[in-house]
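> Encoded as structure tokens, here's the structure I'll be asking about.
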Amino acid sequence: MKITLTLAKADIGSIGGHIKPGERLMKVVNQFVTRRSKGLLIDFYLSHTGDDIAILMTHKRGQNDSRIHRLVWDAFMAGADDARKQGLYGAGQDLLVDSFSGNIKGMGPAVCELEFEERPNEPFLMFAADKTDPGAYNLPLYLSFIDPMYNSGLMLSPSMFKGFKFTIMDVEHTKGDRVIELNTPEEIYDIAALLRDNQRFVVESVHSRGNGEHCASVSTTRLHNIAGKYTGKDDPVMMVRVQGAFPATGEVLQPFKIGHLVAGFMRGSHAGPLMPVKNNSTISWFDGPPIVSATAFCVHKGKLTEPADAFDHPFWDYIRDKVSQKALDIREQGFSGAAMLPYPELEYGGIVQKMNALDKKFRVRREKKAKRKK
Ligand code: F6R
Ligand code: MG
Ligand code: MG
């Protein structure tokens, strides 16, 4: 049976700053999707990561289906209305256009989709990150699909010997989707050369070269590229099919033990380690550190099993402690150097005004030039 998984996520309002959406808002969105799902969805699951609500849906209508995308848009709009009534902070923040135009991509919410012929048992992972951008998944995807130090299946499982095809998007190109396809293992140095730059080049999808199937999908939205100004970090989602011809669940989770430094954190303008957190976690401290949740499911005839929280395990408590230390270490240096993002990535336009004003105050000293000896 061919099914589609559609995962969409948006910040439509939160309590006490950019902390969490709150129970009433979750309920409103849940009720809306329940009402509208009849005849459209097979199943759905709602969760939040930090201040963003994620809606995972299963259906048979394929990718980029306008009715599914409309449902998501309307659900977030209905939520944003309620958020305004409640006086939640940043109500409707990620809904960047006034009316729906057929596809939710490019309208604010983060979206990723996977379409496939269901295996007899079909496990997959849903990731949702807050206070960071889609490049945050570059390194984990590189390591779990390319590096035998992280994925032992690349050495041990013949179904992975042929490698994978990476589709990578240049997210700075806003006049259309500029993408490149590169194959592993032959082109891994080229892939590394692109993925080094998390703000510009983002993995959009991964396909198996063994069976041709779509196995990973990432939302590639960059809000500031859409809106032309800061409207919040992009807070990306990702889905990865696991086991069999694909990396095992643990091989996909493993790279998240690094707590690698990503862009985001306070005001979307700092570097901070990505902390793997339990599902439905809130944001705290310095509007961060950036967080990521991982929820595992099996899907059967389009029906989702109950969720299994993949980062809810004592091992990840230890990692969270280590990542906290790493976050403290980089925060020690405040605004200086690598702790903040480079100038074009600073998310608040205020810095431009400030630099322009300061620029006018600079002067070049006129010094008498020493006469050269003849
Ligand atoms: C980062 C984020 C927060 C806000 C910060 C200021 O992605 O959402 O760190 O940037 O709390 O928020 P505003 O500008 O809404 O007052
Ligand atoms: Mg927010
Ligand atoms: Mg957010």
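The values are calculated or read from the model by the stated rules, or taken from the named source; none is laboratory data. Predicted model, so just to flag it, every value in this text is computed and none were measured. FYI the Cβ positions are ideal-geometry reconstructions off the backbone, even for glycines, and counts take in every protein chain you see. The protein model used for the area step is the full one, side chains on, heavy atoms only, and it has no ligands, DNA or RNA in it. Shrake-Rupley method; radii C 1.70, N 1.55, O 1.52, S 1.80 Å.
> Name the residues in segment 261-295 that are away from ligand 3 (no atom under 16 Å from the Cβ) and open to solvent by 10 Å² or more (accessible area, probe 1.4 Å), would you?
Residues satisfying the conditions are Leu261, Ala271, Lys278.
> Please find, among Leu141, Leu154, Leu182, the residue that is buried (at least 21 other Cβ atoms within 10 Å of the Cβ) and more than 15 Å from the chain's Cα centre (by Cα).
Of the residues listed, the single one that is buried (at least 21 other Cβ atoms within 10 Å of the Cβ) and more than 15 Å from the chain's Cα centre (by Cα) is Leu154.
> Say whether the condition of being in contact (Cβ under 8 Å) with a residue 24 or more places away in the chain, within 24 Å of Gly334 (Cβ to Cβ), small (Gly, Ala, Ser) and more than 16 Å from ligand 2 (Cβ to nearest atom) is met by at least one residue in segment 280-295.
No, segment 280-295 contains no residue that is in contact (Cβ under 8 Å) with a residue 24 or more places away in the chain, within 24 Å of Gly334 (Cβ to Cβ), small (Gly, Ala, Ser) and more than 16 Å from ligand 2 (Cβ to nearest atom).
> Follow-up. As an exercise: evaluate Leu253 against (1) of a type in the set (A, V, I, L, M, F, W, C); (2) in a helix (DSSP H, G or I); (3) surrounded by fewer than 18 Cβ atoms within 10 Å (Cβ to Cβ) and give the number of the one condition it does not meet.
(3)
> Can you name every residue in segment 44-78 that is in contact with a Ser or Thr (Cβ under 9 Å, 6 or more places away or on another chain), charged (D, E, K, R) and open to solvent by 10 Å² or more (accessible area, probe 1.4 Å)?
Once the filter is applied, which keeps residues that are in contact with a Ser or Thr (Cβ under 9 Å, 6 or more places away or on another chain), charged (D, E, K, R) and open to solvent by 10 Å² or more (accessible area, probe 1.4 Å), segment 44-78 yields Lys60, Arg61, Asp65.
> Now for a separate question. Only residues that are free of Cβ contacts under 8 Å to residues at least 24 places away in the same chain and open to solvent by 60 Å² or more (accessible area, probe 1.4 Å): list them for segment 316-345, please.
Correct list: Asp317, Tyr318, Asp321, Gln325, Leu328, Asp329, Glu332, Gln333, Phe335, Pro342, Tyr343, Pro344.
> Check whether at least one residue in segment 70-91 is within 19 Å of the chain's Cα centre (by Cα), outside any loop (DSSP other than H, G, I, E, B) and free of Cβ contacts under 8 Å to residues at least 60 places away in the same chain, and report yes or no.
The answer is yes; a qualifying residue exists.
Matching residues to (1) surrounded by 16 or more Cβ atoms within 10 Å (Cβ to Cβ); (2) away from ligand 1 (no atom under 16 Å from the Cβ); (3) not small (Gly, Ala, Ser):
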| position | (1), (2), (3) |
| --- | --- |
| Ala10 | yes, no, no |
| Pro21 | yes, no, yes |
| Phe32 | yes, yes, yes |
| Ile42 | yes, yes, yes |
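> Same structure again: Do you know which residues across segment 105-126 are more than 14 Å from ligand 3 (Cβ to nearest atom) and within 29 Å of Gly272 (Cα to Cα)?
Correct list: Lys105, Gly106, Met107, Val111, Cys112, Glu113, Phe124, Leu125, Met126.
> Is it the case that some residue within segment 296-311 is farther than 30 Å from His59 by Cα and surrounded by fewer than 17 Cβ atoms within 10 Å (Cβ to Cβ)?
No, there is no match, as no residue in segment 296-311 is farther than 30 Å from His59 by Cα and surrounded by fewer than 17 Cβ atoms within 10 Å (Cβ to Cβ).
> List, please: which pairs have Cβ atoms under 8 Å, are six or more places apart or on different chains, and start with a residue in segment 4-31 that is under 16 Å from Ser281 (Cβ atoms) and part of a strand (DSSP E or B) and end with one that is within 14 Å of ligand 3 (Cβ to nearest atom) and β-branched (Val, Ile, Thr)?
What qualifies is Lys9/Thr49; Lys9/Ile53; Lys9/Val237; Lys20/Thr282; Lys20/Ile283.
> Let me ask something else about it. Based on this model, can you work out whether Arg320 counts as farther than 30 Å from Ile55 by Cα and charged (D, E, K, R)?
Taking the combined requirement at face value, the residue does not satisfy it.
> Also: Restricting to segment 89-113, give me the number of residues that are away from ligand 1 (no atom under 16 Å from the Cβ), of a type outside the set (Val, Ile, Thr) and surrounded by fewer than 21 Cβ atoms within 10 Å (Cβ to Cβ).
8
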